[in-house]
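Nothing in this text is a laboratory measurement; each read-out follows from the coordinates by a stated rule. All figures in this text were calculated on a predicted structure; none of them were measured in a lab. Here Cβ is always computed from backbone atoms with ideal geometry, including for glycine, and neighbour counts include all displayed protein chains.
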Amino acid sequence: MTGDPAGKTVTVVGGGVAGLAAGCALAEAGYRVQLLERRPYVGGRASSYEHPGTGEVIDNCQHILLGCCTNLIDLYKRIGSEGEIFWSSTIHFIEPGGRQSTLQPSSLPAPLHTSSSFLGAKCFTLSDKITIARGIEGFLRHTPPDSEENFAQWLARHRQTPRTIQRFWYPVLASALNEDPEYISVRYAAKVFREAFLYSAEAGKMGIPLVPLSELYGKAVPYIESRGGSVHLRASVEAVQQVNGRWILTAGEQQFESDAVVLALPFEALAKLMPALPCNEASRDLSENLEQFGHSPITSVHLWFDRQITDLTHAALLDTTIQWLYNKSKLQGQVTSDGGHAIELVISASKALVRMERQQIIDLALKELQEFFPVVREAKLIKAAVTKEVRATYSIRPMLDSIRPGSQSPWPGIYLAGDWIATGWPSTMESGVRSGYMAAEAVANAFGHAASFVVPDLPPSGLMRLFP
Ligand SMILES: Cc1cc2nc3c(=O)[nH]c(=O)nc-3n(C[C@H](O)[C@H](O)[C@H](O)COP(=O)(O)OP(=O)(O)OC[C@H]3O[C@@H](n4cnc5c(N)ncnc54)[C@H](O)[C@@H]3O)c2cc1C
């Protein structure tokens, strides 16, 4: 970093991972940061809270990262949360009846590192393995550019069977991208698959937080404050004005003045704020583009049993509605005061469940869980909670990249962040942090300071160096 940011104030609107990343980077670089968050806590879509029905602190949903999330990992290191991630290189696939198959890396060079466990996986027949290998070959050489083709069409073109889609591609990619294949851009399916399975064992390892999400991200608050910044909760920005070259933001009774602003909001919150911002040709284009984004839901089912139902920390459950299991008590090392062992089930792209009643979802989850873990039949369910996040992520559909804006906004001195801007990543925490770092770089550059916050991707390893 060159130049002197002293004396410059930057207001960051939104305390999700994007806003926290921007705020931390700018505070570290010497800017006076004031971060405004509408809710009483930070973390945005990646947060935890005390669930009113059960009295337990739950994550709004289990959040997972991969070793390739270089910027997210950088944020954890910056704020001192890196020790609170459990890293695992194994994925357990469990079939109804309980048979397990495990995918894990060996010492073979990438992209062959998971091949021996894949060949030994009992959940795929020989014919499945040949079919899946034909699909993988389609992603091996390059990440295709964004096109009109959707991932379902790509799967059909690569002659994937309903069974390989249901048992392999859906648990792996539809879960990671939180969408049905019909609405997924092939470019992003390829990107995630290459990072998770082909580039290296390091890039593909799975990270699971060991503490509730608000604890993980809450450390960003003292980080900003100890560098001269301030964090204002319950501060919902309603008006934005420019006076004598400075920006004045109004949140309820309070006003915040600054030299630059980072709007780190989800696309729908930015759309809501647009009427409060100056109107120009570029802002009209942005408004039109914002209307083209759409959401995809995620549902999670939190169950507390009177006993441990599995020793596994996490597993993909095949041929079910409930797709992924996380053993929260094992991960977080806690049993509740009433003796409950917590399990969380995560259902991505859960459009059908959004319309179902809470009890119907719990009954379905228990019925399906019994097929994998017979002990559930004898176990007593102490309590349960269902969280439906209808606006969990944006749909990463074909050609969305053509309308994702960069950090520059239609208004000089205001910068955009949020997982939906043009980061090259789908709707993830990594995309949020990247967008925050990108916006922080844009702010610093506008003030004539050469700053670099975005962390490069992990390089491909082994034979994948031939197909970067
Ligand atoms: C159920 C669920 C499961 C997910 N699972 C994963 C996962 O496993 N892995 C992964 O990487 N990602 C996952 N995601 C996606 C991930 O949570 C998001 O991509 C990421 O958190 C987005 O961060 P953000 O800062 O861009 O937006 P947000 O988190 O939405 O933050 C925006 C913030 O702005 C605030 N705000 C809005 N309007 C105003 C206003 N007017 N004034 C002030 N503040 C305002 C909001 O309250 C919010 O805190 C999941 C998301 C959900 C909901």
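Taken one residue at a time, the phi angles of the range 147-156 give Karplus couplings (6.51, -1.76, 1.60, θ = phi - 60°) of 8, 6, 5, 9, 5, 5, 5, 4, 4, 5 Hz. Gly and Pro are set to x. Amide H contacts for Val262 (H built 1.01 Å from N in the peptide plane; partners 5 or more residues away or on another chain; cut-off under 5 Å): Thr11, Val12, Val13, Tyr415. Electrostatic tally near Lys77: other residues with Cβ closer than 13 Å to its Cβ, Lys and Arg +1, Asp and Glu -1, net -2. Helix content alone sets the calculated 222 nm mean residue ellipticity of the chain: runs of n ≥ 4 DSSP H residues at -39500 (n - 2.57) each, divided across all residues, give -8000 deg cm²/dmol.
Taking the number of Cβ atoms within 10 Å of each Cβ as an exposure proxy, the fewest-first ranking of Tyr223, Tyr415 is Tyr223, Tyr415.
At 0.36 nm per residue, minus the direct Cα-Cα distance, what do Glu137 and Lys77 gain on full extension? Give it in nm, one decimal, please. Could you put the intermediate results ahead of the total?
Values: separation 60, 0.36 × 60 = 21.60 nm, distance 3.56 nm.
Gain in length upon complete extension: 18.0 nm.
Extension gain for Glu84-Glu238 works out to 51.9 nm (0.36 nm per residue, less the C-alpha to C-alpha distance). Phi angles across the range 162-170 convert, under the Karplus curve 6.51 cos²θ - 1.76 cosθ + 1.60 with θ = phi - 60°, into 3J(HN,Hα) values of x, 5, 6, 5, 5, 8, 10, 5, 5 Hz, Gly and Pro given as x. Hull volume per residue, based on the alpha-carbon atoms of the chain and their convex hull, is 146 Å³. The 3J(HN,Hα) values that the Karplus relation (6.51, -1.76, 1.60; θ = phi - 60°) gives for the range 251-259 are, in residue order, 10, x, 7, 9, 10, 10, 10, 7, 7 Hz. Gly and Pro appear as x.
From the square roots a ≥ b ≥ c of the eigenvalues of the alpha-carbon gyration tensor of the range 1-112, which class results: rounded (a/c under 1.5), prolate (a/b over b/c), or oblate? Write out the running numbers ahead of the final one.
Numbers: a/c = 3.95, a/b = 1.54, b/c = 2.56.
Since a/c reaches 1.5 but b/c is at least a/b, the shape of the range 1-112 is classed as oblate.
Most tightly packed first, judged by the mean number of other beta-carbon atoms within 10 Å of their residues, the peptides 181-190, 457-466, 38-47, 437-446 read 437-446, 181-190, 38-47, 457-466. Neighbour counts of other Cβ atoms within 10 Å put Arg32, Arg434, Arg284 in the fewest-to-most order Arg284, Arg32, Arg434. Take the Cβ atoms of Arg465 and Val375, set R0 to 35 Å, and the FRET efficiency comes out at 0.15. Sorted into 5 angstrom bins from 0, the C-alpha pair distances of the range 102-204 split as 2, 13, 24, 27, 20, 10, 3, 0 percent.
Under the classification rounded if a/c is under 1.5, otherwise prolate if a/b is larger than b/c and oblate if not, where does the range 380-468 fall, given a ≥ b ≥ c as square roots of the Cα gyration tensor eigenvalues? Note, shape of the range 380-468 comes out oblate.
Computed about the Cα centre, the dipole magnitude for the chain is approximately 780 debye when only Lys and Arg (+1) and Asp and Glu (-1) carry charge, each at its Cβ.
Membrane-span-like helices in the chain (whole DSSP H runs, Cα extent of at least 15 Å along the helix axis, mean Kyte-Doolittle hydropathy of at least 1.0): 17-28. When peptides 303-310, 360-367 are sorted by average Cβ neighbour count within 10 Å, with the highest value leading, the order is 303-310, 360-367. By the count of other C-beta atoms within 10 Å, a proxy for reagent exposure, Trp87, Trp169 are ordered fewest to most as Trp87, Trp169. Straight-line cross-link reach from Lys219 at under 19 Å between alpha-carbon atoms covers these aspartates and glutamates, not counting any fewer than eight positions away in the same chain: Glu28, Glu37, Glu50, Asp59, Asp74, Glu82, Glu84, Glu430.
Using a 7 Å offset from the Cα along the Cα-to-Cβ direction at both Lys122 and Gln153, what is the distance between the two label points in nm, to one decimal? It is 4.0 nm. For the range 295-394, the mean projected area of the C-alpha convex hull, equal to one quarter of the hull surface, is 6.2 nm². Counting Lys and Arg as +1 and Asp and Glu as -1 over every other residue whose Cβ lies under 9 Å from the Cβ of Pro410, the net charge comes to -1. If you take all other residues with their beta carbon under 10 Å from the beta carbon of Arg234, and give Lys and Arg +1 and Asp and Glu -1, the sum is +1.
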